[in-house]
Amino acid sequence: MDFIEELRWRGMIHDMTPGTEEQLSKEITAGYIGYDPTSDSLHIGNLASIMMLVHLQRAGHKPFALVGGATGMIGDPSGKSEERNLLDETTLRHNQEGIKKQLEKFLDFSHGHNAAEMVNNFDWIKEFSFLQFLRDVGKHITVNYMMAKDSVKKRMESGSGISFTEFSYQLVQGYDFCWLFEHKGVKLQMGGSDQWGNIVTGTELIRRKLGGEAYALTCPLITKADGGKFGKSESGNVWLDPVKTSPYSFYQFWLNTTDADAAEYIKKFTLLSKAEIDLLIRQHQEAPHLRMLQKALARDITIRVHSEEDYQAAVEASEILFGKGTTETLKKLTEDTLLAVFEGVPKSEMAKSEITKSLDIVEFLTDFTHIFPSKGEARRMLKEGGVQINKEKAGEGFSITANLLLNGKYLLVQKGKKNYFLVKVV
RNA sequence: GGGGAGAUACCAGAGCGGUCAAAUGGGGCAGACUGUAAAUCUGUUGGCGCAGCCUUCGGAGGUUCGAAUCCUUCUCUCCCCA
């Protein structure tokens with residue numbers, strides 16, 4: 001399999017330095033991508049770059065994942081309008097561990113000559129003295145060169161300016177590439193298109209300092225058809241960590257992809273072959289309501305990031321929640337199934353004594369379960385018909401009574417179409 | 001250092017003594033339509049015991065029967081000149 005060809009038909013190439021393709025077809029090449037340890041979990045915004053490493057490894061090359069322990073302490077000005085907060089070392093180490101575990105689901109770190117490797121730039125930068133850095137690295141790159149970068153230019157023009165620390169970021173990242181080139185034989189750095197400037201500083205540094213030839217390859221930033229930011233749901237980032245984003249929500253996120261985006265995402269985020277994808281796209285066009293594309297996309301990613309069982313559970317839950325599920329089917333569920341189905345759904349608890357007589361729905365939705373932040377909002381949505389209890393519309397004046405309980409102790413509350421809450425009454 | 005402009009709800013941005021819980025647009029949320037899509041249309045978007053009341057227009061004071069609107073002062077932002 002040809003790496004560049006593979007990326008090309010998947011639409012994952014934005015730009016690359018001349019000679020990159022020749023280098024990759026000439027020999028087994030080591031390439032790396034850096035990850036920011038700002039959290040102990042990666043999110044789906046990192047997915048495209050992870051897939052680049054996966055393709056690299058599948059094509060027989062050697063992938064390196066660099067955790068930016070040192071660079072993470074500085075903050076990349078690319079794409080950020082504001083100066084970043086600095087993290088301390090303990091947090092960084094903790095975050096790196098989490099990230100490594102997640103990358104292991106995608107990359108083979110232990111088998112063969114092209115096993116993936118993880119490195120942490122903190123390890124080679126922490127001992128570097130400031131003076132030494134200035135002499136060994138700073139000497140090779142002019143300020144003029146650094147200022148010409150878009151990321152820097154933008155910040156210079158903006159009112160808030162750029163600190164010396166963030167200004168130096170590209171040098172530190174450039175040095176990483178240089179170090180990996182020298183010590184690990186890494187000749188390629190990849191990343192999102194916003195990383196182009198930083199990466200090229202690295203190849204430049206390698207040329208001037210070591211007289212070596214290194215390459216850059218970037219992929220286009222993932223976009224959404226409606227112009228919104230990719231990777232955010234109403235509740236924020238979509239994480240790979242099942243604790244931060246439940247497998248159910250994760251599956252739902254992909255399932256809700258719009259048609260226009262699905263065809264693009266399936267190429268970038270799955271390993272399905274061109275033939276398989278073309279077929280899916282064709283099938284989808286013939287019968288769009290079946291949403292073959294979204295289903296295939298959600299299935300593939302959920303299984304890889306989580307597991308087959310998590311995927312099955314998510315599908316099952318989705319069918320009960322969005323399928324023909326009625327109050328009747330809900331009532332038939334055993335307690336175990338019920339809990340399994342609502343695994344990823346927010347839960348709250350309240351005392352049974354509160355509903356022995358009957359409880360006004362507004363109070364139930366606010367004071368007791370906090371599903372709504374205010375009574376005004378709860379009333380408004382009740383009026384609009386946006387609240388359902390056990391899959392039946394509830395209006396103003398609806399009362400919660402004990403005979404509504406599923407399995408004698410649960411209530412399923414629905415806010416709008418897609419937001420579910422399970423209330424346990426004990 | 002000198003001069004000027006400004007700070008309004010999630011954001012942008014009107015209002016410039018009462019009729020302002022505050023125009024308009026965007027965003028958010030919900031409803032209809034659908035395919036848990038897109039587009040479209042509609043409603044809604046400070047709180048509450050909701051035909052009424054309470055807390056909001058950078059902070060603190062003041063004038064007034066009455067202030068987002070006027071005055072004083074503080075903080076912060078932007079622009080121009082040096």
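The values are calculated or read from the model by the stated rules, or taken from the named source; none is laboratory data. Remember, it's a predicted structure, so these values are computed and weren't measured experimentally. Every residue, glycine as well, gets a Cβ built from its backbone with ideal geometry; the counts of neighbours run over all protein chains shown.
Structure data summary
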| quantity | calculated |
| --- | --- |
| Matching residues, region A:225-250, being of a type in the set (Phe, Trp, Tyr) and either within 8 Å of RNA strand B (Cβ to nearest atom) or part of a loop (DSSP other than H, G, I, E, B) (or both) | A:PHE230 |
| Any hit, region A:383-393, residues being aliphatic (A, V, I, L, M) and assigned to a loop (DSSP other than H, G, I, E, B) | no |
| Breaking point among (1) more than 16 Å from RNA strand B (Cβ to nearest atom); (2) part of a helix (DSSP H, G or I); (3) at pLDDT below 85; (4) of a type outside the set (Phe, Trp, Tyr), for A:SER353 | (3) |
| Residue among A:ILE199, A:ILE206 that is over 20 Å from A:ILE74 (Cβ atoms), crowded, with 20+ Cβ neighbours inside 10 Å and not aromatic (Phe, Trp, Tyr) | A:ILE206 |
| Considering residues of region A:410-421 that are touching a residue at least 60 places away in the same chain (Cβ under 8 Å) and closer than 14 Å to A:LYS331 by Cα only, the residue nearest to RNA strand B (Cβ to nearest atom) | A:LEU412 |
| Segments classed as helices (runs of 4 or more DSSP H), wholly inside region A:279-332, with at least 1 members that are among the aliphatic types (A, V, I, L, M) and touching a His at 6+ places or on another chain (Cβ under 9 Å) | A:292-305, A:308-322 |
| Complete set of residues in region A:184-234 that are touching a Ser or Thr at 6+ places or on another chain (Cβ under 8 Å), over 19 Å from A:MET16 (Cβ atoms) and touching a residue at least 60 places away in the same chain (Cβ under 8 Å) | A:PHE230 |
| Qualifying residue in region A:257-264 (condition: under 30 Å from A:THR337 (Cα atoms), of a type in the set (Val, Ile, Thr) and more than 13 Å from RNA strand B (Cβ to nearest atom)) | no |
| Residue match in region A:357-376 (condition: modelled with pLDDT of 85 or more, more than 16 Å from RNA strand B (Cβ to nearest atom) and either under 28 Å from the mean Cα position of the chain (by Cα) or exposed (fewer than 15 other Cβ atoms within 10 Å of the Cβ) (or both)) | no |
